[in-house]
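I have placed the structure first, in the form of structure tokens, so that the comments after it can refer back to it.
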Amino acid sequence: MAQGSSLPTFDLDIVHARREHNVDALLAVLAGVNARYRARPGPPLPPQRTALLGPGHNLLMTDLGPLDVLGALEGGLDFDALVPETVEIDLRGHRVKLLGLDALLRLKRGSSREKDKRAVPILEALLRRRDEA
């Protein structure tokens, strides 16, 4: 949505650098928003350092809403591989890196999830508009 898509999203996905100092900083931020694993039975479980250091997906609920903390995307695309594919935007006075539309479209085209397939024509239209401008 931050790049013009009309498809609503109800969570935030991040791919983080899986370096120890970064994961420690991430854990501090996650504690500040009361992050806990979602869709799991039993008492709330906060994010685990060992899990955040790995390539898997950590699906969390926070006081601000759902947050998916991803060690890597499909095909092993991790933080370092994705940084060159990002664009920087201003979000309420903060510089934020987002995956660019070209890379996002490639990922959505390669996905088997119905939700991702629905995003393809919208992303294609956004890219056409951008290229015509």
Long-range amide H partners of ARG18 with built H, under 5 Å: PHE79
Dipole magnitude of the chain, debye to nearest 20 (Cβ charges: Lys/Arg +1, Asp/Glu -1, about Cα centre): 320 debye
Label-to-label distance, nm, for residues given as ASP63 and LYS97 (7 Å Cα→Cβ offset): 2.9 nm
Cα→Cβ-extended label distance, 7 Å offset, between LEU12 and ALA51, nm: 1.9 nm
Mean separation of Cα contacts under 8 Å (6+ apart) over length of the chain, as relative contact order %: 22 percent
Distance between region 1-38 and region 55-133 - C-alpha centres, whole angstrom: 12 Å
Relative exposure of THR50, THR9, THR86, judged by other C-beta atoms within 10 Å (fewest first): THR50, THR9, THR86
Neighbour-count order for GLU124, GLU114, GLU20, fewest beta carbons within 10 angstrom listed first: GLU114, GLU20, GLU124
Rg over Rh [alpha-carbon atoms, Kirkwood Rh] for region 12-75: 0.94
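Computed from the coordinates by the stated procedures, all read-outs in this text should not be read as laboratory data. All values reported here derive from a predicted model rather than from experimental measurement. Because the Cβ atoms are built from the backbone with ideal geometry, glycine has one as well, and the counts that use them run over all protein chains shown.
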